[in-house]
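> I'd like to ask you about the structure that follows.
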Amino acid sequence: MGVSVSVMRKLLVLLGILVIAGTAHAQDGAALYRTYCAICHEGPTADAQAPSREAMKRMTAERVLESLEKGSMRARVAERSRAQRRALAEYVSEKRLAADSGGLIPRSAFCNSTSAPSTNALAGPAWNGWGRGITNTRFQSAEAAEMTADDLSHLRLKWAFGFPGASSAGTQPVVAGGRLYIATAEGEMYVLDARTGCVHWTLEVEASIRSAITLEQRTNGELIAYFGDQAANVYAVDAKVGKVLWKVRVDEHPHAAITAAPQLYNGRLYVPVSSREESQVGDPRYPCCSFRGSIVALDATTGRRIWKTYTVSQTPGPTIKNSIGTQLYGPAGGAVWNTPTVDTKRNVLYVGTGNNFAPPSTEASDSLVAFDLNTGQVRWVHQVTENDIWNGSCRLPNREAAVCPEKDAPDFDFTGSPLLVDIGSGRQLIVVGNKSGVIFGFDPDDRGKIIWQRRVANGGSGGGVFWGSATDGVNIYAANADFLAADPGASGGMNVVELGTGRLVWSVPGAGCANRNPCKPSQAAAVTLIPGVVFSGTMDGRLRAYSTRDGKVLWEYNTAREFTTVNAVKANGGSMSNSGPAIVGGMLYVNSGYSHHGGILPGNVLLAFSKE
Ligand code: HEC
């Protein structure tokens, strides 16, 4: 009798899992549980306070979801999509949830016309991909921007859009052919009418999306949207209707993620692979660390892999055991957090890399790296910070020296994309700042030799020059991401450095506190440039427009508040980070409410300003 009951239960469990796997967004709840939960909830490493698997089986799926979304387990799934949280709740409770209504937007939010996108969407004014082009300059010409410094005083909020059920907003808006393409950390992509904000279509994918969307107009007239998710999947989507054409996982590590946008060039996608394994390591039970950053080249038509090159060449292997006997691994790290920059003249691509996650240190971490476009072979590496082994345990009082040998490891990643610029007389430079607060000018013809360097910020784990700078071919515009805890009002600022010489052209301090609470004027978001104006957002939600001439603030808008939205979803702005505005055809699009990496004010709003 007992046997048959247990067999029965096993069958039911099996059935339950099969049913779950059959939903539209098939998720492997078991795999997610193993990666993000099991370490504390079962086995020899289980936390005495944590409910066991048996105890969680007795909970309702709703109760588990509540704990993941609003309760004590929230931080454990902060980077997971809504579909993944639901899969986890169903897996550990072994019960089904009611149908998901979190992502619903009212029918009235959809566009009335079912018109197809324009046949040549990329021919007109556009902001495509992360950096608006293969060299990531984040510069929009006067012609495409249709906006000048004189228009700023006439800027009006034209519409606001609320991302339903979202707790963060920070991916780069992309605009082409009168449509806006954007995605969220909840794992949803939206295609909106750029003028009115009505919805053309939406798509839910497996994991959170942090990357900008990159569009390709194929010769047969098809418009394709490419992006990556936080489970290291790359997608190609028919941008007319929102149908997934292919989906490819580019890295097998359970913590692998695509944070920056893949770069598209000549029929290939160059995908930067990163990982938050480094922040999982606050726990001595975690077998730190085995992720290696890489670039993966895919055939854009089929998703077929052409090459994959790791930034850490050695395969991670067992190293030593820590004080509680956990077997550790290394080398690891060298994550790629930025969109590659393509150099067509030298047939290479450049990225900056991040720190090592575990000992031993390697030679291509915290480096500028040049990869051959055809073969993926590393042409050269210029390491800027040696021996930077950093992970989430470094600043903890119970730091394990075996996991983090140096508690003051600086964590000087390259987060923003390198810029390839002409500096006259036929010479070029690769210019990029990093979390150390220094901007470097590297020589692409001399294996990345440093021609000049200029400090513009103090630097630090969450500071320095963060998500990205912009250039007009004369200067580089780099915001200051530093947060000065002892004097918050002195944080932030904007710096302009001459490309040819490394000379500081001007520098202005941050926005100050001006009675704001909370106050965090740090400027980690990527900046955006049009002729005469540079735009930059703060961690406390202020969008500032500076004159490129002298740094005078020409316009400022407070996004950290509630907005009435065109799609009738309750929405508020907050911290501005990661992406920067897209300025296209007389309109400025920006989102607000970034809740990762130093974000203090979560939000879910996309704002569209118009100059009339
Ligand atoms: C670092 C250890 C750790 C990890 C990782 C972890 N948990 Fe927990 N979990 C705990 C502890 C400790 C408690 C009990 C104390 C509390 O609620 O904070 C708990 C409580 C819970 C509860 C009960 C909460 C309540 O409201 O009673 C659920 C459900 C749960 N965890 C699910 C998960 C899921 C699902 C994951 C994976 C996404 C996960 N946990 C990851 C340590 C962890």
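> So in the chain, which Cys have no other cysteine's beta-carbon sitting under 4.7 angstrom from theirs?
Cys with no partner Cβ under 4.7 Å: Cys37, Cys40.
> Then there is this: Using only the alpha-carbon atoms of the chain as identical scatterers, what base-10 log of I(q)/I(0) does the Debye formula give at q = 0.06, 0.11 Å⁻¹?
Debye curve over Cα of the chain, log10 I(q)/I(0) at q = 0.06, 0.11 Å⁻¹: -0.30, -1.04.
> What residues qualify as long-range amide H neighbours of Asn591, i.e. H under 5 Å apart, gap of 5 or more or another chain, H built at 1.01 Å from N?
Here Leu607 satisfy the definition.
> By the scheme Lys and Arg +1, Asp and Glu -1, what is the net charge of all other residues having a beta-carbon under 9 Å from that of Ser575?
Around Ser575, the surrounding residues sum to 0.
> Quick one: 3J(HN,Hα) in Hz for region 212-229, Karplus 6.51/-1.76/1.60 with θ = phi - 60°, rounded, Gly and Pro as x.
5, 8, 10, 9, 10, 8, 7, 4, 7, x, 5, 10, 10, 10, 10, 6, x, 10
> Order of Asp151, Asp238 from fewest to most other C-beta atoms within 10 Å?
Least crowded to most crowded, the residues run Asp238, Asp151.
> Residues of region 168-190 with the amide nitrogen closer than 14 Å to a label point 7 Å from the Cα of Leu122, along Cα-to-Cβ, please.
From region 168-190, the list is 175-177.
> Could you calculate the FRET efficiency of Lys308 with Glu363 from 1/(1 + (r/R0)^6), where r is the beta carbon distance between them and R0 is 22 Å, rounded to 0.05?
0.70
> So, one more: For Ser279, what is the net charge nearby, where nearby means another residue's Cβ is under 13 Å from its Cβ and Lys, Arg count +1, Asp, Glu -1?
-3
> Step through the residues of region 183-196 one at a time and calculate ³J(HN,Hα) from phi using the Karplus curve (6.51 cos²θ - 1.76 cosθ + 1.60, θ = phi - 60°), rounding each to whole Hz and writing x for Gly and Pro.
Per-residue couplings from phi come out as 9, 10, 5, 7, x, 10, 10, 10, 10, 10, 6, 5, 7, 10 Hz.
> Compute for region 153-276: radius of gyration divided by Kirkwood radius, i.e. Rg/Rh, restricted to C-alpha atoms, rounded to two decimals.
Rg divided by Rh gives 0.98.
> Enumerate the calculated ³J(HN,Hα) couplings along region 570-580 in order (Karplus 6.51 cos²θ - 1.76 cosθ + 1.60, θ = phi - 60°), each rounded to whole Hz, writing x wherever the residue is Gly or Pro.
For region 570-580, the Karplus-derived couplings read 4, 8, 9, x, x, 4, 10, 7, 6, 7, x Hz, x marking Gly and Pro.
> Under 13 Å from the Cβ of Glu66, count the other residues' Cβ atoms, weight Lys and Arg +1, Asp and Glu -1, and hand me the total.
That sum, taken over residues with Cβ under 13 Å, equals +3.
> Another question, then. Within a 10 angstrom radius of the beta carbon, how do Trp380, Trp127 rank from fewest other beta carbons to most?
Ranking Trp380, Trp127 by Cβ neighbours within 10 Å, fewest first, gives Trp380, Trp127.
> When a footprinting reagent is the concern and you count Cβ atoms within 10 Å, what order do Lys57, Lys345 take, fewest first?
Lys345, Lys57
> Another question, if that's okay. What is the mean projected area of the alpha carbon convex hull for region 36-159, to one decimal in square nanometres?
14.2
> Find how many whole Å separate the alpha carbon centroid of region 85-142 from the alpha carbon centroid of region 336-412.
What the calculation gives is 31 Å, centre to centre.
> May I pose another question? Restrict the search to region 182-282; then list the GluC sites (Glu not before Pro) that DSSP places in a loop and that have at most 13 other Cβ atoms within 10 Å of their Cβ.
Glu222, Glu252
Bear in mind these aren't lab numbers, they're just calculated from the coordinates by the rules spelled out. Not measured: the values here are computed from a predicted model. Here the Cβ is made from the backbone with ideal geometry for all residues, glycine too, and neighbour counts use every protein chain on show.
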